[in-house]
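Worksheet: one structure, shown below.
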Amino acid sequence: MKILDIKAMSGPNYWSANRHKLIVMLLDLEDMEQKPTDKIPGFLERLSAFMPTLYEHRCSEGIPGGFFQRVQEGTWMGHVIEHIALELQTLAGMDTGFGRTRQTKDPGVYYVVFSYQEAKAGVYTAKAAVNIARALINNEPYDIGTDIQNLREIREDERLGPSTGAIVDEAMKRKIPYIRLNRHSLVQLGYGVNQCRIQATVASTTSSIAVEIACDKEETKNLLEASQIPVPCGRIIYNEEDLKNVIDSIGYPLVTKPVNGNHGKGATTNIRTWEDAVIGLNAAKVYCRAVVCEKFITGFDFRVLVINYKFVAAALRTPAAVIGDGVHTIQQLIDIVNSDPRRGYGHEKMLTAIKVDGFTMDMLAKKEFTLDTVLKDKEELWLKPTANLSTGGTATDVTDFVHPTNVFMCERIARIIGLNICGIDIMAADLTKPLSDNGGVVLEVNAAPGFRMHLDPTDGLPRNVAEPVIDMLYPPGSSARIPIIAISGTNGKTTTTRLIAHIVKQLGYKVGFTTTDGVYIQNQLMMKGDCTGPVSAEFVLRDPTVNYAVLECARGGILRAGLGFHNCDVAVVTNVAEDHMGLGGIDTIDKLAKVKAVAAHTVFPNGYAILNADDDHVYDMHKDLQCKVAYFSLKEHNKRIKRHCDKGGIAAIYENGYVTILKGAWKIRVEKVTNIPLTFSGMAEFNIANVLAAVLATYVQDFKTEDIRLALQTFAPSPAFTPGRMNMFHFHNFSVMIDYAHNTHGLMAVGKFVKTVDASVKVGIIAGVGDRRDEDIISLGAAAASIFDEIIIRQDKNLRGRTEHEIVELMKTGIHNVDLNKKIVVIVKESEAIDYAFRHAVKDSFIVITSDVVPDALEQVKQYKAREDGLKI
């Protein structure tokens, strides 16, 4: 078996519009194609013994043991690997259950698709699952424990922390989109101008001054003390002399901790000797030059959480500990505690397994214990100096027992420091009484408090503390989204995208849009090149100045990683024609249509899919959609449009020379085609179709027809508005048009316009694309022969797997199939082909350049034009 390719989907994709996190592995079974599982002696027995938990996989049988039944009856190894991959992730604490395996047109080659939680873990799992299957087939030993531990470590390294993850989960429940901005905990909630950011539990609305104050323990203490909040006595020290002075002043026991520390790092508690005090000082100075030295207060460790200046939760925290029984050693007691099914690696479960580290060994040494010491019966031993859950501590929810006076004090503390998400550490006998009555004190204030102890306490009620965070960031009535219009299809996407963006911009919106030419923010080019994939879409949605997104969505990005957004308001599908066939497993027009339909499947239920009623494959997409549908057609009497409008539907048609909207039985004429520059006075029929799609997309967004009309009148086809889309240049003796047409369907559409042009000779500079099928390249040559009097064959910069000779010969075959006597010149380099055409241009000729690199071709033609204009001067 051999892995040919692995891709990680991260958005709506060809395999599922709803399951965004999918691994897509292209697997060649090689000789195993001839060996289904029932033909491999002992395979089921080895598999069930190796991964007995696979018994829970129901498979298509729908019952526990269903998958094993399929293996017994005989199934192919790709299907087995799919289930191994899913179960392997579950065993590593990443429970996920969607999978499917589909054969390609090539014998023995399959797409194995399964869901993941973390992409890096998913890719690792794909490779490991193949290795496991291979070992089981060959009856070889395999260490699955190593894979599980590696996956756990990848998970902990890649996943969002429990606090950030809880906020993101709450946002997703409310259909608020998010974008992870780095590998750590920086996350954007919402899109464009409506975005907010969180980093761990610090929000973009949190005061930076407040964070600085909270990080400075001495400053925090001074502010609280000045506001009559009980705090432990002590001060900042820098050396042993300062330490001695504090001890002389307040005596033992003490606590030392770095001024800007967190998570208990560098903290030493219950110091009772000079030697321990020096050790504590040095431990704190590892993290900060300045050290807090204060009185150690006895009592219980409480954490109070205040969000948006309102008390939301409180927990009693206990450090990791063991209790002796007079029989087991300390290490054995730790192992017994870690055997609790609620404990796991990192944050995978409610509790974290206790790990013996330097802090543990120091605490044992102070008591002259070792890991082999046997504790007395009921003797409690703390193994960590702090009560953090991440080091094995436990938490008990006490929210309902906090005295109103303490609630008021904590809300006041949040205001004093200025923190809208605030964790307050309190040492007290309990919180059921005011601190002033039981001698409790506020130890410190945290600017990024962990939520885990409240979300999933060891004892007591869990509290959804992420909810008030989202309430604060997005109060009722506010929106996290911006409108998104997505454009898909084979041809016309870029022109339609640019026209829609122009219409939207004319209405005063700050538009971000993506095209095959680049990414634009408010008409400023931000990125050059083909920017029609998910990365470019996210670029627009991350931009804090954008309040409207228009996104071109091409086949390649959808197949490579999925869409860069989860939902849109409007999706346009221009057409579906044979292009890129055979790439990415898309070898039929029906499969290509499924790719083009992905964006339409993401439309909100109240949004619209704008479909081409003249295209059978596009029209048929309406059958599976869960949103509203509107159609456009170049045919005034299209029966599909009539049926739709008879039911009260909305459509756009080309009738009597007008772009017209149909709303039920009503006609709303938007503008005469001859007044729309993009249509070249109606001669560019394919651009009329693009106009219909754009008009309909904006009309269903409640744009007024008079505003749409004005925008149509001011959108002129030019290198500025539509680079590489019917860009016209008129010279003294000839005219030139540059267009991106790169497939038969697109070239034939251009050809309809070229036939309306009055010219002595029509010359086409064309190229075949190397990663297309033979028949596609031949078809392109045939199309060119039916359009042009003379043809110059050039080559793209990237031959995409073919030789120049192969492509040229296929093009010639197509041309000669139409006209054996057609004049053909082969000039490989595009710039030289353009030079040749210009030098040999006859009077009143018309030259069409189908360009590979549009900016370069435009610049070359502009230079010719500038030189000619200079001669005139």
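Is it true that some residue in the stretch 348-368 is open to solvent by less than 40 Å² (accessible area, probe 1.4 Å), part of a loop (DSSP other than H, G, I, E, B) and at positive phi? No; the residues of the stretch 348-368 include none that is open to solvent by less than 40 Å² (accessible area, probe 1.4 Å), part of a loop (DSSP other than H, G, I, E, B) and at positive phi. Mind listing whichever residues of the stretch 639-663 are touching an Asp or Glu at 6+ places or on another chain (Cβ under 8 Å) and either under 22 Å from residue 573 (Cα atoms) or among the aromatic types (Phe, Trp, Tyr) (or both)? The answer is 653, 654, 655, 658, 659.
Taking the options 587, 615, name whichever one is under 16 Å from residue 690 (Cα atoms), open to solvent by less than 40 Å² (accessible area, probe 1.4 Å), more than 25 Å from the chain's Cα centre (by Cα) and of a type in the set (D, E, K, R).
Numbers: 587 fails: under 16 Å from residue 690 (Cα atoms).
Being under 16 Å from residue 690 (Cα atoms), open to solvent by less than 40 Å² (accessible area, probe 1.4 Å), more than 25 Å from the chain's Cα centre (by Cα) and of a type in the set (D, E, K, R) holds for just one of 587, 615, which is 615.
Residue 602 meets each of the listed conditions (1) in contact with a helix residue (DSSP H, G or I) (Cβ under 8 Å, 6 or more places away or on another chain); (2) crowded, with 21+ Cβ neighbours inside 10 Å; (3) not small (Gly, Ala, Ser) apart from (1). Do we find that residue 386 is open to solvent by 70 Å² or more (accessible area, probe 1.4 Å) and at pLDDT below 90 in this structure? When the stated conditions are applied, residue 386 does not pass them. Against the condition small (Gly, Ala, Ser), farther than 21 Å from residue 296 by Cα, in a loop (DSSP other than H, G, I, E, B) and within 39 Å of the chain's Cα centre (by Cα), how does residue 326 come out, does it pass? No: the conditions fail for residue 326. In contact with a helix residue (DSSP H, G or I) (Cβ under 7 Å, 6 or more places away or on another chain) and open to solvent by 70 Å² or more (accessible area, probe 1.4 Å): which single residue out of 219, 241 fits that description? None of the other options fit; the residue is 219.
Considering each of 340, 397, 335 in turn, give the residue that is of a type in the set (D, E, K, R), buried (at least 16 other Cβ atoms within 10 Å of the Cβ) and farther than 21 Å from residue 269 by Cβ.
Unique residue meeting the criteria: 397.
For the stretch 747-758, which positions are touching an Asp or Glu at 6+ places or on another chain (Cβ under 8 Å) and open to solvent by less than 30 Å² (accessible area, probe 1.4 Å)? Correct list: 749, 750, 753.
From 570, 598, grab the single residue that is hydrophobic (A, V, I, L, M, F, W, C) and closer than 28 Å to residue 655 by Cα.
On the way: 598 fails: closer than 28 Å to residue 655 by Cα.
That would be 570, the only listed residue that is hydrophobic (A, V, I, L, M, F, W, C) and closer than 28 Å to residue 655 by Cα.
Taken as a whole, the stretch 121-133 holds at least one residue that is in contact with an Asp or Glu (Cβ under 7 Å, 6 or more places away or on another chain) and more than 16 Å from residue 1 (Cβ to Cβ).
For the stretch 277-286, check the following and say yes or no: at least one residue is open to solvent by 40 Å² or more (accessible area, probe 1.4 Å), outside any helix (DSSP H, G or I), modelled with pLDDT under 95 and not hydroxyl-bearing (Ser, Thr, Tyr).
Looking only at the stretch 277-286, we keep the residues that are open to solvent by 40 Å² or more (accessible area, probe 1.4 Å), and these are 279, 282, 285-286.
Now narrow it down to the ones that are outside any helix (DSSP H, G or I): 286.
Still in the list and also modelled with pLDDT under 95: 286.
Still in the list and also not hydroxyl-bearing (Ser, Thr, Tyr): 286.
Within the stretch 277-286 (the criterion being open to solvent by 40 Å² or more (accessible area, probe 1.4 Å), outside any helix (DSSP H, G or I), modelled with pLDDT under 95 and not hydroxyl-bearing (Ser, Thr, Tyr)), the answer is yes, since at least one residue qualifies.
Within the stretch 712-743, how many residues turn out to be assigned to a helix (DSSP H, G or I) and surrounded by 22 or more Cβ atoms within 10 Å (Cβ to Cβ)? Steps first, please.
At the first step, the residues of the stretch 712-743 found to be assigned to a helix (DSSP H, G or I) are 712-713.
In the following step, the residues that additionally are surrounded by 22 or more Cβ atoms within 10 Å (Cβ to Cβ) were identified as 712.
Summing the residues that are assigned to a helix (DSSP H, G or I) and surrounded by 22 or more Cβ atoms within 10 Å (Cβ to Cβ) in the stretch 712-743 gives 1.
The residue list 853, 848, 825 contains one member that is in contact with a His (Cβ under 9 Å, 6 or more places away or on another chain), of a type in the set (Val, Ile, Thr) and open to solvent by less than 70 Å² (accessible area, probe 1.4 Å), which is 825.
Where strands (runs of 3 or more DSSP E) fall wholly inside the stretch 597-711, the ranges with 1 or more residues that are closer than 24 Å to residue 564 by Cβ, in contact with a Ser or Thr (Cβ under 7 Å, 6 or more places away or on another chain) and not β-branched (Val, Ile, Thr) are 603-612.
Here is a yes/no grid of residues against (1) hydroxyl-bearing (Ser, Thr, Tyr); (2) touching a strand residue (DSSP E or B) at 6+ places or on another chain (Cβ under 8 Å); (3) touching a residue at least 12 places away in the same chain (Cβ under 8 Å):
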{"site": "514", "(1), (2), (3)": "yes, yes, yes"}
{"site": "520", "(1), (2), (3)": "yes, yes, yes"}
{"site": "526", "(1), (2), (3)": "no, yes, yes"}
{"site": "530", "(1), (2), (3)": "no, no, yes"}
{"site": "563", "(1), (2), (3)": "no, yes, yes"}
{"site": "569", "(1), (2), (3)": "no, yes, yes"}
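Checked against (1) in contact with a Leu (Cβ under 9 Å, 6 or more places away or on another chain); (2) more than 27 Å from residue 159 (Cβ to Cβ); (3) buried (at least 16 other Cβ atoms within 10 Å of the Cβ), residue 104 passes all but a single condition, namely (3).
Within the stretch 107-125, track down each residue that is part of a helix (DSSP H, G or I) and either free of Cβ contacts under 8 Å to residues at least 40 places away in the same chain or touching a helix residue (DSSP H, G or I) at 6+ places or on another chain (Cβ under 6 Å) (or both).
Taking the stretch 107-125 and keeping what is part of a helix (DSSP H, G or I), we get 119-125.
Across the stretch 107-125, the qualifying residues are 120, 121, 124, 125.
In this structure, is residue 198 assigned to a loop (DSSP other than H, G, I, E, B), of a type in the set (A, V, I, L, M) and open to solvent by less than 70 Å² (accessible area, probe 1.4 Å)? So residue 198 fails the test.
If you go through the stretch 803-822 and pick out every residue that is in a helix (DSSP H, G or I), among the hydrophobic types (A, V, I, L, M, F, W, C) and surrounded by fewer than 17 Cβ atoms within 10 Å (Cβ to Cβ), you end up with 1.
Scanning the stretch 772-801 for residues that are open to solvent by 40 Å² or more (accessible area, probe 1.4 Å), over 21 Å from residue 856 (Cβ atoms) and in a loop (DSSP other than H, G, I, E, B) turns up 773, 789, 801. Within the stretch 246-260, being more than 14 Å from residue 295 (Cβ to Cβ) and open to solvent by 20 Å² or more (accessible area, probe 1.4 Å) holds for one residue alone: 260. Candidates in the stretch 465-494 are the residues that are in contact with an Asp or Glu (Cβ under 7 Å, 6 or more places away or on another chain) and either part of a loop (DSSP other than H, G, I, E, B) or within 15 Å of residue 302 (Cβ to Cβ) (or both); of these, the one that is least open to solvent (accessible area, probe 1.4 Å) is 490. Among the residues of the stretch 256-276, just one is within 17 Å of residue 233 (Cα to Cα), part of a loop (DSSP other than H, G, I, E, B) and either of a type in the set (Asp, Glu) or over 43 Å from the mean Cα position of the chain (by Cα) (or both), namely 272. Of the helices (runs of 4 or more DSSP H) entirely within the stretch 20-102, those holding at least 1 residues that are within 30 Å of residue 598 (Cβ to Cβ) and within 35 Å of the chain's Cα centre (by Cα) occupy 66-73, 77-91.
Please indicate, with yes or no, whether at least one residue in the stretch 572-582 is under 19 Å from the mean Cα position of the chain (by Cα) and over 30 Å from residue 107 (Cβ atoms). Scanning the stretch 572-582 turns up no residue that is under 19 Å from the mean Cα position of the chain (by Cα) and over 30 Å from residue 107 (Cβ atoms).
Looking across the stretch 556-584 at every residue that is under 29 Å from residue 688 (Cα atoms) and assigned to a helix (DSSP H, G or I), the one that is most open to solvent (accessible area, probe 1.4 Å) is identified as 556.
The values are calculated or read from the model by the stated rules, or taken from the named source; none is laboratory data. Predicted model only: the values in this text are computed from it and were never measured. All Cβ positions, glycine included, derive from the backbone under ideal geometry; neighbour counts span all protein chains shown. Please note that ligands, DNA and RNA were not included when accessible areas were found on the heavy atoms of the full protein model with its side chains. Shrake-Rupley method; radii C 1.70, N 1.55, O 1.52, S 1.80 Å.
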